[in-house]
1. Of B:39, B:89, which residue is surrounded by fewer than 17 Cβ atoms within 10 Å (Cβ to Cβ) and on the phi > 0 side of the Ramachandran plot?
2. Could you check, for the stretch A:138-145, whether at least one of its residues is assigned to a loop (DSSP other than H, G, I, E, B) and more than 7 Å from every other protein chain (Cβ to nearest Cβ)?
3. Within the stretch A:75-93, track down each residue that is in a helix (DSSP H, G or I) and open to solvent by less than 10 Å² (accessible area, probe 1.4 Å).
4. What is the one condition in (1) over 18 Å from the mean Cα position of the chain (by Cα); (2) within 11 Å of chain A (Cβ to nearest Cβ); (3) open to solvent by 10 Å² or more (accessible area, probe 1.4 Å); (4) modelled with pLDDT of 95 or more that residue B:104 does not satisfy?
5. Checking residue B:119 against (1) more than 10 Å from chain A (Cβ to nearest Cβ); (2) modelled with pLDDT of 95 or more; (3) over 18 Å from the mean Cα position of the chain (by Cα): exactly one of these is not met. Which one?
6. Can you tell me which residue among A:119, A:157 is open to solvent by less than 10 Å² (accessible area, probe 1.4 Å) and within 8 Å of chain B (Cβ to nearest Cβ)?
7. Inside the stretch B:141-173, can you point out the residues that are facing chain A (nearest Cβ under 9 Å), open to solvent by less than 10 Å² (accessible area, probe 1.4 Å), more than 13 Å from the chain's Cα centre (by Cα) and farther than 19 Å from residue B:230 by Cβ?
8. Filter the strands (runs of 3 or more DSSP E) completely within the stretch B:286-378 down to those with at least 1 residues that are assigned by TED's automatic domain parsing to the domain that holds residue B:262 and touching a helix residue (DSSP H, G or I) at 6+ places or on another chain (Cβ under 6 Å).
Amino acid sequence: MANKTYIQSFCTIEENQIKVNGKILFEKEQSLFSDFSKSVYQHFNIDYPKFFKMDNLSKLAFLATELLLEKTENEEQENNTALVFSNKSSSLDTDTKYQSSITDKGSYYPSPAVFVYTLPNICLGEISIRHQLKSENSFFVFAQFNPLFMMNYANILLEKNKATSVLCGWVEYFDEEYKTLLYLVGAEGELEHSEESIKKLYK
Amino acid sequence: MTKEVFITQTNCITPIGFDVATNMKNIDGGVSGIQLHQNTGLMKESFYASQIDDENLNTAFAKVTAATGFSRLEKMMILALDPIIKKANLVLDDRTAFVLSTTKGNITALQNSAIEDNTNAYLHQFAQNIADYFKFKTEPIVISNACVSGVLAISVAKRLIESGMYDDVFIVAGDEISEFVLSGFNSFQAMSNLPCKPYSKNRTGVTLGEAAAAVLVSSNKEGVKVKIIGDGSINDANHISGPSRTGEGLFRSIKSALIEANIEAAAIDYISAHGTATPFNDEMEAIAFNRLQLEKAPVNSLKGYYGHTLGASGLLETVIGIQSVLENKLLATMGFDELGVSQDINVIKENGTKNSRYFLKTASGFGGCNTAVLFEKIN
């Protein structure tokens, strides 16, 4: 690796709590994800009605990104931030919902609005639209978070000038169980972008 | 200096052949895998699809191994990988990665049992089942990026070798026809009522298909088929279920690949495009190619032979594309009649010959994703 890279900011969302750069920004008493995510949306005064059409995985990824990336109001403003996300359950939360809409022939109702979310990379599309990121994006699935892989992949995108920064991490959602860690990697910063530091952030 | 990366082995399992040579022979003879199917277990009405015959699959699998307990798709993918792993004869150590590309994997496992009782619907478990069969030492890397997955896998493999993480990467890509996918595309009214007609005036949508394909991507030049010289995978940032009207993401993906390869668009000899035969996709591709002045480059879609094989399509079409380039062939776009996109593109209508040096593979998919990979034939 030619040049050092750095973690510039990071966000975790789990167990009804949001932390940005290690500081708790929002928490809520025990609640369903639908209530929690709506409270987050309101607390941070997010104004983006499309949010309510998203599936849970996209909502989770969207909220974490919202707290890390600057708003891009101006569509002409270009921002070459790549998205490299991963998780364990792919889109299975929505897959199981979609499957149940076609299993019982008595209540057979396949909906395109549900079907489109039966792909994990749709959350990358949602974020790309929101932040006007016409940039590199890819979604990986691992049994568990893989810091070494994520680090190498982010670094090669930066080294080969495929991106100027990379938003990467873990976005896992299945049946009310969720955890996300997203972190922004670039050429400048203070926290070294190493396997060790990514592991610490994930813990 | 960045490492050079090559494709040295290829294979595919499709309704028109269980190896590359048989697939080439059938394409040459105008044989398509698409047929009319009556199967109420999959769909109430009859439908066109390119499906692998179960009996052929099981017979071929039994010849390779007596192992049992594999799903239909796992069998397809093991059959795709098996000969190239044997031919490569590498020690599968911590310098050898295993990349699996799919959109829905073992989604059919959800039909019969709750996910708590059957973990095979998890993509990492699906990949692990195949990894264990071949005894890979490294954890499988699963790519699930909608319909660009298969070609994105090549780009990812190249980048992992460039990063110094691995020397060799085996890729397998596969998806199968299921009630899940058929009902979904049908709910989008994206299915063609006839075998698909890429880029044609009267195209009405996709025909679905199933296949598995496999390649070896390596830093070792021995037995090289093509060199991978550039890639890009850029989002439209426009819509989650439809392509950009301006082809922005595809345009930028190709640009990114060209800049990396340090060649001009005019140098591209042949494009293996996505060509799903939906009105919007084909139109978008024509616009993107024209923005790059690629309208004269011979272009084909192989969907008329295979249908849209989702996460397999990008890799399958790369495997066939590579073979056609090595044999100095241009393969016809089956199903194409009269150009039905608003801007001129040079759709290959009949099988022909051409000595192509630079070959571009592209794909686009749900979520606004696009991928372009450039290959060079080196003698």
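The values are calculated or read from the model by the stated rules, or taken from the named source; none is laboratory data. Here the structure is a predicted model, which means the values were calculated and not measured. When we count neighbours, we look across all protein chains shown, and the Cβ atoms used for this are built from the backbone with ideal geometry, even at glycine. Ligands, DNA and RNA are excluded from the accessible area calculation, which covers all protein heavy atoms including side chains. Shrake-Rupley method; radii C 1.70, N 1.55, O 1.52, S 1.80 Å.
1. Every option except B:89 fails the conditions.
2. Taking every residue of the stretch A:138-145 in turn, at least one turns out to be assigned to a loop (DSSP other than H, G, I, E, B) and more than 7 Å from every other protein chain (Cβ to nearest Cβ).
3. A:92
4. Only one criterion is unmet by residue B:104, namely (1).
5. Among (1) more than 10 Å from chain A (Cβ to nearest Cβ); (2) modelled with pLDDT of 95 or more; (3) over 18 Å from the mean Cα position of the chain (by Cα), the lone unmet condition for residue B:119 is (2).
6. Every option except A:157 fails the conditions.
7. B:141, B:142, listed by residue number.
8. B:358-365, B:369-376
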